[in-house]
Each structure stands twice: as C-alpha cells, then as structure tokens.
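Written out below as structure tokens is the structure these notes cover.
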Amino acid sequence: MAASEPSSGSYCAHVAALSEDNVHRNYHDTQYGFPVHSDDELFGRLILEINQAGLSWTTILNKQANFKKAFDGYCIARIAAYDAKDVARLLGDAGIVRNRAKIAAVIHNAQQVEKLQLEFGSFKGWLDQHGNLELEQWVRLFKQTFKFTGVEITREFLVSTGYLPGAHATDCPIAVILHTAATPQNHTRS
Ligand SMILES: [Zn+2]
C-alpha cells in the first residue's frame, strides 16, 4: 500500500464501510497481516509489493489474479528460470504491470530466494530466522539480498505478511482474530 493511501488505522475504518466483494475489503479481511506459510505465496506478495511502486494499491489488487497467472502461480523455481522469451511475454501482458525493471527484479529475486531456500530450508525459514529485526535492519537485509526493495516495499511486504506489526488498528475485528491466533512462536510454526 502506498503512503498516499489511508494509513493502517484508517484503512481498517475505510474498508469496514465497503461491500464484502470489494477488493480492499477482501484483502483486508483475508490477507493483510495474516501469516503466509507457503514460500511461493510469500514470494507472490513480494511481487505485488514491488509492482505497486508508483501505482495505487487498488490497481494491484484489481490485477492480483492476472499477476498470479502471468507468474506461473508464483512458482519461485519457474520464475528463477525465466528467459528472454518469458520477459517478452510478461512485457506484452496488459493484465499486469509492464515494467522491464520490475520484471527483471522479480526474476533476480526469485534466484536469490532459491539460494535462501538452499541455505535456510525455505524463504519462510529465512524470514523467521530474522523475525525479531527492527524495520531499519530488515531494510538493510533486503537491500543486500534483493533488487527493487526500498523502505516502503520492504515495510509493506513485512507488515502484510505479519512480520512487522501495524497492519490493523487495535480495535479492528481482524486484529482481534490475528491476535487470538498468534503465539510467541507464531512465525516458527509451519
Ligand atoms: Zn483492520
């Protein structure tokens, strides 16, 4: 989500007034701040956050299904092996964001995640290992590891996957659900 959009607290209030089939309502109620257990789904979230740069989150949510289809269901192994033909296919896909730098970053990042999977067992394992970092340390780590992950993208990725707090206002019904489900070992359980 971009800084120009409602901050987390007001985002909760904002979506509460929307119909249940609204993309923001759906995202807020079922994804935002929820722990993600699959590496491919985690990587998919990173793809969406990278592609959001300079665009509205509404645009990305409306294209969410297109992204998943275009990027092979977010399969890290497949994306890491993308060649020039795949890049051309993606640049020609009007259903997603056709931006060469973002596409190149996604492919590079998939290759980086494959290395993390070898070393840490999984992308999630790597994230869990760093679960107690402060935002500033996360940003440094992401910059060392990935491309196209500035402060905003790194923060939103981590907030949206529950690694950093602040997705929901404390009185939001979803915050209550997430809090009830959470344990101190939340991120190390699979
Ligand atoms: Zn909320």
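None of the figures in this text is laboratory data; all of them are computed from the coordinates on show. Here the structure is a predicted model, which is why all the values come from computation and not from measurement. Here the Cβ positions follow ideal geometry from the backbone for every residue, glycine too, while neighbour counts run over all protein chains shown.
Output the relative contact order of the chain, whole-number percent, from Cα pairs under 8 angstrom with separation of 6+ residues.
29 percent
Please say if the chain is rounded, prolate or oblate, where rounded means a/c under 1.5 for a ≥ b ≥ c the square roots of the C-alpha gyration tensor eigenvalues, and otherwise the choice is prolate for a/b larger than b/c and oblate otherwise?
Oblate, since a/c reaches 1.5 and b/c is not below a/b.
Between ILE76, ILE177, ILE50, which gets the highest mean-square fluctuation from a Gaussian network model of the chain, Cα cutoff 10 Å?
In this elastic network of the chain, the residue with the biggest mean-square fluctuation among ILE76, ILE177, ILE50 is ILE177.
Check cross-link reach from LYS63 to the aspartates and glutamates: straight Cα distance under 16 Å, and skip same-chain residues fewer than eight apart.
Qualifying aspartates and glutamates at Cα under 16 Å: ASP21, GLU41, GLU49, ASP72, ASP93.
Using the Cα centre as the reference, give the magnitude of the dipole from point charges on the C-beta atoms of the chain (Lys, Arg: +1; Asp, Glu: -1; all else neutral), rounded to the nearest 20 debye.
540 debye
So what's the net charge close to ALA101: Lys and Arg +1, Asp and Glu -1, counting the other residues with Cβ under 15 Å from its Cβ?
+3
Using Cβ-Cβ distances only, list the Cys residues of the chain with no partner cysteine under 4.7 Å, sorted by number.
When partners are defined as cysteine Cβ atoms under 4.7 Å apart, the chain leaves CYS75 without one.
Of the candidates LEU46, LEU118, LEU178, which one comes out as most mobile in a Gaussian network treatment of the chain with C-alpha springs shorter than 10 Å?
LEU118
With θ set to phi - 60°, apply the Karplus curve 6.51 cos²θ - 1.76 cosθ + 1.60 along the range 91-99 and write out the HN-Hα couplings as whole Hz, x wherever there is a Gly or Pro.
Here the 3J(HN,Hα) series is 5, x, 9, 5, x, 10, 9, 8, 9 Hz.
With a sphere of radius 12 Å drawn around the Cβ of THR161, what net charge do the other residues whose Cβ falls strictly inside it have (Lys, Arg +1; Asp, Glu -1)?
-2
Determine the calculated [θ] at 222 nm for the chain from helices alone, applying -39500 (n - 2.57) to every DSSP H run no shorter than 4 residues and normalising by the residue count; nearest 500 deg cm²/dmol.
Result for the chain, helices only: -17500 deg cm²/dmol.
What's the longest uninterrupted piece of the chain once you rule out the GluC sites (Glu not before Pro) that are loop residues per DSSP with at most 14 other Cβ within 10 Å?
The segment 21-133 is the longest one with no such site.
Which trypsin sites (Lys or Arg not before Pro) from the range 22-112 combine a DSSP loop assignment with at most 14 other Cβ atoms within 10 Å?
Answer in residue order: ARG98.
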